Amino acid sequence: MLKVFIRILLGVLFASPVWAQTVAIRAGNLIDPATGAVAKNQIILVKDKKIVDVGPSVAIPNGAEIVDLSNEWVMPGVMDAHTHITQSVQYFRELDANYLREDTALRALRGLWTGQTLLNAGVTTVRDVGNDANFAAVALRKAIDRGWFVGPTVLTAGKIIAPFGGQSSGIPQEIGPFWQFEYYDADNVNEIRKAVRENIYYGADLIKLVADNSVYHYSVDEVRAAVDEAHHAGLAVAVHVLGREAASNVIEAGVDSIEHGFFLTDDQLRRMKEKGMFLSGTDFPTAHFEAGEFSNAKLIGATIIDRLSRAYKIGVKMAFGTDIVTDAPNETRADMTWDYLAVWRAAGVPPAEILKCMTTNDAELFRISKERGAITKGLFADIIAMPDSPLDNIESLRKVNFVMKNGAIVRKAK
C-alpha cells in the first residue's frame, strides 16, 4: 500500500501540467510593425507561451487572466541585432584589459544582469555577436531556455573568427595570443572552415567574422568559405567590416549581414540591396563616442548619420543593432539603447520604419520569423506596450510599461 501511495505521489509531483493559465490582453491600439497599420480594440489570447488568437471578437475563456491595455499602444517586443551583453567597460580602450580581470563565469552573470535590464525595458530578443569569453553567452542562453532565469531570447555567435590578432593590434610577442580568449585566428580557407565548425560544435547560433580590423583583410574566397560552411549548417553569417575593398569582398561573398559599415559607398549599398543583404549599422550616438573618449567622435557620428540616411533612401534592408560595450554615467544599458533612436531620426528614417527594423527585419535576419517578431497566432507571445504612440513619437519606447516574454508577464502597467 505504501509503495502504491509513493507512486501516486511521485506521479502528481512530476506530471506535466494539463492546464495553463490563459491570458487575455485587451489591446486598444495594436501595431503591426511589418506594415505600420494599427488595429483598434483587439483581444490577444495567450496560452502555453504562445499567441492562440488575435482579433476584435475573440472570446475570452472563463478563468482567463485579463490584462487591460485599452489605453496603451501594443506591439511585438524589440530586438537588438548587435549586442555584447556579457561585456562592459568604461572606455573602449579598456576592452583588451578586460580579459585580465574577468573570467567566463563572471561574464555570464553580467550577461544575465544586462539581459534582464533590457528585457524589463522591452527588448525581448538579442543577437550577441561575440566577445563573451569562452562561450559565456551560450551558457546564458541555455540557462534562460531551461527556465532557470527570466531573460530575453539570446542568439549567440560564440568566438569571433578573424585574421591573426582578433581585434587587437601591436601586442608584444612575449605576452602571447591572449585574444584567443574570445577569437579564433583563421588565416586561410581551411582554418576558417574549422573555426566555423568549432563554433557550431560549442553551441553558436550564428557565425561572426571580422574582415578588416587590420591593414590585412579577408579575401572573397575566405569569406565565402565561412558562408558556405555556415549556410550548410543553417546558420547566418555576420561580418564586422567598415568599408573599402574589404566591404566589397564581404558583399561579393554573400554574407547575411554587414555589421557597422560606416564607410560604405552608394554602389556598395546598392549591391547589398540587390543581394537582399542586411545592414546592421550599429548607429552610435555621438555622445557615446565622446563618453568613450574618441577624439574624432563628432566626425564619426556625422558619418554614421550620413551612411544611415543613404542606406534608407537606397532601400537596403536594415536591422536595428547597438553594439554597446561601455558604461555611461546615470544610464542603464536600456537607456543607452534608446539613445540610438535620435540617430535614426536625424537620418530621416520614419518611426514606422524604425519599428519594422526593430522587429520584422531583425526577426528575418535572425531566421526566427516563424517564431517571433509579430503578434500573430502561433508565434511566441513577446509583447510590449506603452502609453503613447511610437508611430507618432519613436521616443515613446522609453516609456514601455508592460512586457510579456514567452507568455509570462515580466512587467505590468500600473
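Here are a few things to note about the model shown:
- Over the stretch 49-138: Kirkwood hydrodynamic radius from C-alpha pairwise inverse distances, Å: 16.2 Å
- Extension gain (nm, one decimal) between SER169 and ASP335, 0.36 nm per residue minus Cα-Cα: 56.6 nm
- With R₀ fixed at 25 Å, the C-beta to C-beta distance from TYR202 to VAL150 puts the FRET efficiency at about 0.50.
- Packing-based ranking of 388-396, 359-367 yields 359-367, 388-396, ordered from highest to lowest mean Cβ neighbour count within 10 Å.
- Cα gyration tensor, the stretch 117-251 - rounded (a/c under 1.5), prolate or oblate: prolate
- Listed by chain and number, the lysines whose alpha-carbon sits under 17 Å from that of LYS370, ignoring those within fewer than 8 places in the same chain, are LYS49, LYS50, LYS356, LYS405.
- Counted over the stretch 184-287 with a bin width of 5 Å, the fraction of Cα pairs per bin, in whole percents, is 2, 14, 25, 25, 17, 11, 4, 1, 0.
- Spatial offset of the stretch 368-414 relative to the stretch 27-92 amounts to 3 Å, using the alpha carbon center of each.
- Estimated FRET transfer efficiency when R0 is 22 angstrom, pair SER214-ASN190 (beta carbons, to 0.05): 0.60
- Computed from the C-beta positions of ASP53 and ASP267, the FRET efficiency with R₀ = 41 Å rounds to 0.30.
- Distant-in-sequence amide H partners of LYS50 (H built 1.01 Å from N, under 5 Å): ALA381
- Close amide H partners of ALA319, meaning residues 5 or more places away or on another chain with modelled amide H under 5 Å apart, are LEU279, SER280, GLY281.
- Estimated distance in nm for a label pair at LYS313 and GLN180, the labels positioned 7 Å out from Cα along Cα-to-Cβ: 4.8 nm
- Whole-number percent relative contact order across the chain, with pairs defined as alpha carbons under 8 Å at least 6 apart: 19 percent
- Rounded accessible area per residue of the stretch 149-221, 1.4 Å, Å²: 47 Å²
- Approximating the spin labels as points 7 Å out from Cα along Cα→Cβ, the LYS142-to-ALA64 distance works out to 3.8 nm.
- Each peptide in 24-33, 122-131 was scored by the mean count of other Cβ atoms within 10 Å over its residues; highest first, the order is 122-131, 24-33.
The values are calculated or read from the model by the stated rules, or taken from the named source; none is laboratory data. Nothing here was measured: the structure is a model prediction, and the numbers come from that model. Positions of Cβ are backbone-derived with ideal geometry, glycine not excepted, and every protein chain shown enters the neighbour counts. With ligands, DNA and RNA removed, areas are computed over all heavy atoms of the protein, side chains included. Shrake-Rupley method; radii C 1.70, N 1.55, O 1.52, S 1.80 Å.
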